[in-house]
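Read-outs throughout are calculated quantities, based only on the coordinates presented, and are distinct from any laboratory measurement. In this text the structure is predicted, and so the values were computed from the model without any measurement. Every residue, glycine as well, gets a Cβ built from its backbone with ideal geometry; the counts of neighbours run over all protein chains shown.
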Amino acid sequence: MFECSGRRHARIAHVLHFIPPHLIYLQHTRQRRDAYPTRVKIDTMKLTILLTSLLVFAIFPPHAKNEITIWMIGDSTMSVKAVSAYPETGWGMPFVYFWDSTVTVKNLAQNGRSSRTFMQENRWQPAVDNMKEGDYVFIEFGHNDEVPSKASYTTQTAFKANLTKYITDTRKKNAVPVLLTPVARRKFDSTGRVEGTHEAYSAIVREVAKENNVVLIDLDKKSMALIQAWGVEKSANLFNHLAPGEHPNYPEGKDDNTHFNELGARIIAEIVLKEIREQQPDLAAHILVAPTKK
C-alpha cells in the first residue's frame, strides 16, 4: 500500500470529476444486478481500467518536457545586484523576464570575477553538476581578466584556456555554450568617438568561438554601437550616473561608466535577445511574444 500526500489526494479528486457518470453506479440489489448482467460486467471492466489509468496519472504525473535552463556565468555587468547597489543593474536581471514558462534562468554571475576566479571559487562546478541535456550556458568574461592590477587578472593564454574549458564541460553535458564578448565601457575620445577597451580579450573570445564552432554574441561591438548612437551626453543615461543626493545608495553621487542602470541593462538584454532570435531559433522559440492589439 502507499500513502497519498495532500496534493495527490487533490489530483485524485480532480480526475474523478471527469469519470463519465454512467460508469459509476452501484448495484444495491441482487434483482437489479441480475436484470443487467452483461452491462454490469462491461461497465465494471471499463471503470476499473479508467480508474487505474487516472490514479496512476494522478499519483505519478508525467514530467514536463522540453524544460530548459539558461545558465549565466560572468561578472558584474551581468550579475544580480544587491538592493544596496541599486540603481546599478546587471543585464542578466531584466533578461529573465523575456522567457516562457519552460525556461528557467539561473544567473550565477558575480561582481569582480574573471574566467579564472569564477572557477577557482568553485562557482562553475556546481552548475556543471546540475546541467542537463538541452540547457544553454551564456559565458561573458573579460572585464576582470584584462586588468593587470587586479587580483582577478588572467593572462591571455589562460583566458583562452578557461573559455575552452567552459565550452568543453558544457558540451560533455550535452548542453549548448554561447560566448559573449565583454560589454563595452562608456569611453569617448576628444572627437566624440567611442573607444574600445577590450580589444585583446574580445579578440580571444571571437577566436575561441570560431575554433570551437560556438555561437558568438559580439556584445562588445554591439554595445559600442549603442553607446556611439546615443552620443557623449545622452549615453550617460544608460549607466549608473547619479548626482550627489540623487539616490540614497550613493549620497556622494556616482560616475560609473562600466555598470548599467535599469534602462541600460534592459537595452543590453534586448540586444542579446535579438542575437538569439537571429542565431538560435530553437532557443528563440521560447522568447515571449507580446500580444497583438485588437
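For the peptides 183-191, 111-119, the ranking by mean Cβ contacts within 10 Å, running from highest to lowest, is 111-119, 183-191. Looking at region 121-217, the GluC sites (Glu not before Pro) that sit in a DSSP loop and have at most 11 other Cβ atoms within 10 Å of their own Cβ are 121, 133. Taking the DSSP beta bridges with both ends in region 103-232, the antiparallel portion is around 10 percent. Toward the positive end of the charge dipole of region 59-166, with +1 on the Cβ of Lys and Arg and -1 on the Cβ of Asp and Glu, the farthest Cα among 105, 70, 153 is that of 153. Potential lengthening of the chain between residue 212 and residue 165 amounts to 15.8 nm, from the contour at 0.36 nm per residue minus the alpha-carbon distance. Taking a cut-off of 17 Å, what percent of all Cα-Cα pairs in region 201-294 are separated by more than that? Distances greater than 17 Å cover 64 percent of the Cα pairs. If you take all other residues with their beta carbon under 15 Å from the beta carbon of residue 196, and give Lys and Arg +1 and Asp and Glu -1, the sum is +1. Taking label positions 7 Å along the Cα-Cβ direction at both residue 188 and residue 106, the computed distance is 4.2 nm, reported to one decimal. Placing +1 on each Lys and Arg Cβ and -1 on each Asp and Glu Cβ, with no other charges, gives region 158-294 a dipole about its Cα centre of roughly 540 debye. Measuring from centroid to centroid over Cα atoms, what is the spacing of region 96-150 and region 221-294 in Å? A separation of 19 Å, based on Cα centres.
Per residue, the convex hull spanned by the Cα atoms of region 68-212 amounts to 138 cubic angstrom.
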